[in-house]
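Here, each number is a calculation from the coordinates, and none is a lab measurement. Everything quoted here is computed from the prediction, not taken from an experiment. With ideal geometry, Cβ positions are generated from the backbone for all residues, glycine too; neighbour counts draw on all protein chains shown.
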Amino acid sequence: MLRVPDLKGSYLGDPSAYIHAVAKNLVAEQARTTAQQKTFVPPNPGTTDIEDERMLDCLDRCLSNLSPYSRDLILDYYREEQGKRVSYRKDLGEKLGISINQLRLRMHRIRKTLEACMQACMGHEGSV
């Protein structure tokens, strides 16, 4: 908005289009910044064996609460190592007859369910 007076004399065309494009870029930048700030923080590496055991028990319980399809799908999705994941996930999507974006959306929904279950099981409702 500070550049509007400078552009007033030299800008050709509809100024609302320029302002709209700047606003659109600001919204996109804000969304990227917010998404980066919400990255997952792994559990404290200083956890005890008892806490690790409890977390694994909760994970087993939460996985068993999922439908067999969802449980198998999320376990398959995270099966491969870092270097092979992209091609494996593409193949998995093709096997299911869905696009990679649809597969990602399904994984997101399953992770949200698991995350809520894990928080409840570990006694951390409302955190993360």
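Annotation note: GluC sites (Glu not before Pro) in the range 52-128 located in DSSP loop regions with a Cβ neighbour count of at most 16 within 10 Å are E80, E81, E125.
As a rough footprinting exposure proxy, the listed residues T113, T48 were ranked by other beta carbons within 10 Å of their own, and the order from fewest upward is T48, T113. Coupling constants for the range 107-118 follow from the phi torsions by the Karplus curve (6.51 cos²θ - 1.76 cosθ + 1.60, θ = phi - 60°), and in residue order they are 5, 4, 5, 5, 4, 4, 4, 5, 4, 5, 5, 5 Hz; glycine and proline get x. For the range 49-122, the orientation-averaged shadow of the C-alpha convex hull comes to 5.4 nm² (one quarter of the hull surface).
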